[in-house]
Amino acid sequence: MKWTLLLLCSTLAETTLGWTYHYSNKTMNWTQARQWCQTNYTDMVVIQNQKENDYLVSLLPTKRKAPYFWIGITKKHKNENWTWVGNNSTWISEQSWAANEPNNNHSNEFCVEIYVNKGGNRGKWNDEKCAIQKYPACYKAQCNVTSCNKGRCLETMDNITCLCEPGFEGDRCQTETALECPPLSQPDNGYLRCSGGNLTSNSTCRFKCNPGFLMIGLPTVTCENPGIWNGPRPICTSYKLALLALVGCGAFSTIFCCCCFCCMKHRKRKKLAQGRQPEEVTCQPQG
Ligand code: CA
């Protein structure tokens, strides 16, 4: 079994970043070739630019004659665009096709092979009937759920890139972005001192009031992610105003408490009065 696998599959490149390429030494039609790729790796090979095309050809074994290798670009009908099945992309360059190709020679050449011979057509493509037997060329994706902590993993033949969600940074989106909090202005009749100059995560600002003024509110606020102060800026008021406010508040509280007490007392009396009313008696004539 082990020897069979070694004969049928070959690994072309072992890199820690980006796709790895693989192929089989057994020929099959295009549909079987794709299934073989999907079963053993990720999908039939996708080519996104000329550099990837040339790199793939440099890794595949050179063949003196057909059959060559199936690649993962196809179409279902004559008038459809060629599409890479692995990622639904449509890249084709002016130099991709061999001379006089794609010729749709049999009116149903909807699959594509890549030449790996030594001639001038090396690395060029040819449209072919999908039923013809050729070797599958596959890729294995390196992106997985753990590749990017807080982001989307993008992959090419030699690189993995993480597109980070807002608020995260780093090559694997593993670091929370330290967003700046909006600068705080000095309070009237007071001043503030902030630790550090960037006002980012965990920066703290301390407020103090001028002599003769009383602080209302918390004396410190801290910048928390994502760039939000954890409390409002305090105000500095004169002791006189604070005292008046305190007295006013006390008076309001007293009035409010009185109102509540009266209201409760009134409801209690009403309830007692209802309890004393005699129950309604229904008299029925005797038969
Ligand atoms: Ca052709």
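The values are calculated or read from the model by the stated rules, or taken from the named source; none is laboratory data. In this text the structure is predicted, and so the values were computed from the model without any measurement. Ideal geometry is used to build each Cβ from the backbone, glycine not excepted, and the neighbour counts take in all protein chains shown.
Would you check if residue 135 is loosely packed, with under 13 Cβ neighbours inside 10 Å and of a type in the set (Ser, Thr, Tyr)?
No: the conditions fail for residue 135.
Would you mind stating whether residue 83 is away from the ligand (no atom under 11 Å from the Cβ), closer than 21 Å to residue 53 by Cβ and within 35 Å of the chain's Cα centre (by Cα)?
For residue 83, the condition - away from the ligand (no atom under 11 Å from the Cβ), closer than 21 Å to residue 53 by Cβ and within 35 Å of the chain's Cα centre (by Cα) - is met.
Collect the residues in the range 138-150 that are of a type in the set (S, T, N, Q) and either touching a Gly at 6+ places or on another chain (Cβ under 9 Å) or surrounded by fewer than 18 Cβ atoms within 10 Å (Cβ to Cβ) (or both), keeping them in residue-number order.
Hits for the range 138-150 are 142, 144, 146, 149.
Restricting attention to the range 132-147, and to residues there that are assigned to a loop (DSSP other than H, G, I, E, B) and aliphatic (A, V, I, L, M), which single residue is farthest from the ligand (Cβ to nearest atom)?
Ranking the qualifying residues of the range 132-147, first place goes to 145.
Scan the range 104-122 for residues that are of a type outside the set (A, V, I, L, M), closer than 21 Å to residue 29 by Cα and either more than 12 Å from the ligand (Cβ to nearest atom) or crowded, with 18+ Cβ neighbours inside 10 Å (or both) and jot them down.
109, 110, 111, 113, 115, 117, listed by residue number.
Return the total of residues in the range 93-103 being more than 9 Å from the ligand (Cβ to nearest atom) and farther than 8 Å from residue 125 by Cβ.
Total meeting the criteria: 4.
Taking residue 191 as the residue in question, decide whether it is of a type in the set (Ser, Thr, Tyr) and within 30 Å of residue 103 (Cα to Cα).
No: the conditions fail for residue 191.
In this structure, does residue 61 turn out to be modelled with pLDDT of 95 or more, touching a Lys or Arg at 6+ places or on another chain (Cβ under 7 Å) and within 23 Å of residue 122 (Cβ to Cβ)?
For residue 61, the condition - modelled with pLDDT of 95 or more, touching a Lys or Arg at 6+ places or on another chain (Cβ under 7 Å) and within 23 Å of residue 122 (Cβ to Cβ) - is not met.
Which number in (1) surrounded by 12 or more Cβ atoms within 10 Å (Cβ to Cβ); (2) out of contact with any helix residue (DSSP H, G or I) (no Cβ under 7 Å at 6 or more places or on another chain); (3) not β-branched (Val, Ile, Thr) marks the one condition that residue 197 misses?
Going through the list (1) surrounded by 12 or more Cβ atoms within 10 Å (Cβ to Cβ); (2) out of contact with any helix residue (DSSP H, G or I) (no Cβ under 7 Å at 6 or more places or on another chain); (3) not β-branched (Val, Ile, Thr), residue 197 breaks only (1).
Looking only at the range 98-143, count every residue that is β-branched (Val, Ile, Thr) and out of contact with any strand residue (DSSP E or B) (no Cβ under 7 Å at 6 or more places or on another chain) and tell me the total.
1
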